[in-house]
Amino acid sequence: MTFMNACTQEGFDRFLKSSIAPSVHNKARDVRNRMVACQNLATQNASLSNHRVAQSWGE
């Protein structure tokens with residue numbers, strides 16, 4: 001099981017409160033959301049090339 005699968009939104013919010021400066025909470029959430037989206041994309045489309053995954057990060 002990967003970190004992102006094990007990490008619920010509630011758990012991630014607790015982590016933010018205890019470990020991350022409040023001024024960067026929104027950026028941390030954006031990064032987590034992008035990681036989850038990329039993981040889901042890779043899972044659904046295992047045959048995609050690295051180029052397509054890189055494109056999703058640019059969106």
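Rule-based calculations on the coordinates, nothing more; no lab input. In this text, all values refer to a predicted model and were calculated from it rather than measured experimentally. All Cβ positions, glycine included, derive from the backbone under ideal geometry; neighbour counts span all protein chains shown.
What to note about this one:
- J(HN,Hα) series, the stretch 23-32, from Karplus relation 6.51 cos²θ - 1.76 cosθ + 1.60, nearest Hz, glycine and proline x: 5, 10, 4, 5, 5, 5, 5, 4, 5, 4
- Rounded D (µm²/s) - the stretch 9-58, Kirkwood Rh over Cα pairs, Stokes-Einstein at 4 °C, 1.567 mPa s: 106 µm²/s
- Note, ³J(HN,Hα) from phi for the stretch 10-19, Karplus 6.51, -1.76, 1.60, rounded to Hz, x at Gly and Pro: 5, x, 5, 5, 5, 4, 4, 4, 8, 10
- The label-point distance for VAL31 and PHE12, in a model that sets each label 7 Å from Cα toward Cβ, rounds to 1.2 nm.
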